[in-house]
Amino acid sequence: MEPMDLGGLLTVDTRRAATLNQGDADAARIALFLAYARDNAQLLGLTDAFGSEPIDVAHAGKLAVRVADGLGMDERAFGKYVETIAAKDLKRALASEYINPGVLEVTGDPGSDGRVSRALDLLEDISSDRNHQIFLAEAELARSVLLGARDGRPIHSVCDPTCGHGGLLVRFHRAAGGAWPVVTATDTDAASVAITSMRLLVDGYRGGFEHVRQADSFAVGSIPGVGFDAVLCEAPHGSAKREAARTEVDPRILDGMDGRKWVKGDVEGLSLLRAADLLAEGGTAVVITATGDSYALPQVGLRQRLVEDGLVEACIEIPRRLPYSWQTGLTMWVLSRRGVNGTLLAVLDGDGFQAECPDFYSSLDSLESSSRWLADLVTSRREVPFMSTVVSREKILETPGSPLRFSGYATSIDVAGRLREGPSSDEIAARHAEVLAELAAAEKELDETFSRVVHPPR
């Protein structure tokens, strides 16, 4: 990626491991938000929010909260977020060229090609506390799998119950094209809700923000209603996972467990149950989790409940050595309420996978083709030797532990493992000596045969 200069504040060469102070990043987001809102005030119905005079930097934080409230965003979450930004950082950001009239004016549809949208993306790239490239890869794969599983069926509503900074939702919209579905998004972190709201706004979302709120998605009454066409969710991890583990869980989420044990603190499993609970008839969810819930014995009750209800359309294991995975590896679950017969189990590893899609191992440059390939695999439910198989509900339930991973039902060839299990260097050296001796003996025999033919005995 080439250096990007957006008004001077974000001149960053992203080819280097560039970092940005968190305070500067948050101040930049607010500056971008205010500039975008002012330059597009008429389009957004904010003509009374800004005067003709430059914005008073001393009251910029309060102005940002008022503007957010005027747009129907979560005013309380926005206020908490602004309170965390140092006045000096905000003043420095607002003193930049960003706030000059017309600098960020967007003509026509202010969609994903807008400068502000690209600037917010860049801020995610350089200020994220995790490997943002990995997240982008996860998001790209997740939206491709979701659209593949939908197989052309329309999506009128979408929910992300643990939205983070809105990356899954934004990339879903950019890939899907056309009009935005109605968005519902929650997160326990006020800053995440504010950032998600800003990113949706500048990416062209105009469906209202009344359901983009700070809330614990696992708690009672946190998400208004159910019945979404699509659910996209990355299970909380790190500090968010620890916080979620302390939640007083909505009993409705655990309906259907029928006395089966749910492991308290299993946030990945809780995310799966929540996603299933939110789906409409015919709806589809893609949930990204760590790998354990697909096979670990403590989660057997969870898997049996999901399988018995016919909810697991596919379970795709992405090992940690791939460039698209967490350090622990991840599993991409496709849940649906459309009565698919059997579950597609796949492992992106081994000989079968390398033959089908070798570019997965190369770099993130091949992400687009890789995501299309993965979406096709889910849509077609293809069975590929050593990589994917479709297992019936009955077979899964009768298998001890009811694992939802390819290796529980079929054989995968691990090339790296085979190499590790190969002969030692001493064995190779000994065999080399044997081959040399066999070659010398063969040459001697050939010379003797040649001599007898050319010089036969008299």
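Each row is one residue, and each column tells you yes or no for (1) in contact with a His (Cβ under 9 Å, 6 or more places away or on another chain); (2) within 26 Å of Leu254 (Cα to Cα); (3) not assigned by TED's automatic domain parsing to the domain that holds Lys80.
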| position | (1), (2), (3) |
| --- | --- |
| Ser157 | no, yes, yes |
| Ala194 | no, no, yes |
| Arg199 | yes, no, yes |
| Ser222 | no, yes, yes |
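Examine the range 1-21 for a residue that is assigned to a helix (DSSP H, G or I), at pLDDT below 80, in contact with a helix residue (DSSP H, G or I) (Cβ under 6 Å, 6 or more places away or on another chain) and aliphatic (A, V, I, L, M), and state whether such a residue exists.
Step one: list which residues in the range 1-21 are assigned to a helix (DSSP H, G or I), which gives none.
No.
Among the residues of the range 173-204, count how many are modelled with pLDDT under 90 and in contact with a strand residue (DSSP E or B) (Cβ under 6 Å, 6 or more places away or on another chain). Reasoning before the result, please.
The first filter runs over the range 173-204 and keeps only residues modelled with pLDDT under 90, leaving 173-180, 202-204.
Imposing the further condition that a residue be in contact with a strand residue (DSSP E or B) (Cβ under 6 Å, 6 or more places away or on another chain) reduces the set to none.
The number of residues fulfilling the criteria is 0.
Against the condition modelled with pLDDT under 85 and either in contact with a Pro (Cβ under 8 Å, 6 or more places away or on another chain) or of a type in the set (D, E, K, R) (or both), how does Arg305 come out, does it pass?
Working: modelled with pLDDT under 85: no; either in contact with a Pro (Cβ under 8 Å, 6 or more places away or on another chain) or of a type in the set (D, E, K, R) (or both): yes.
When the stated conditions are applied, Arg305 does not pass them.
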What is the one condition in (1) within 18 Å of Val287 (Cα to Cα); (2) surrounded by 24 or more Cβ atoms within 10 Å (Cβ to Cβ); (3) in contact with a Lys or Arg (Cβ under 7 Å, 6 or more places away or on another chain) that Met198 does not satisfy? (1)
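Here are Arg213, Arg206: which of them is in a strand (DSSP E or B), out of contact with any Lys or Arg (no Cβ under 7 Å at 6 or more places or on another chain) and surrounded by fewer than 23 Cβ atoms within 10 Å (Cβ to Cβ)?
So the residue among Arg213, Arg206 that is in a strand (DSSP E or B), out of contact with any Lys or Arg (no Cβ under 7 Å at 6 or more places or on another chain) and surrounded by fewer than 23 Cβ atoms within 10 Å (Cβ to Cβ) is Arg213.
The values are calculated or read from the model by the stated rules, or taken from the named source; none is laboratory data. Fair warning: this is a prediction, and the values are worked out from it, not measured in the lab. In this analysis, Cβ positions are derived from the backbone assuming ideal geometry, glycine residues included, and neighbour counts consider all displayed protein chains.
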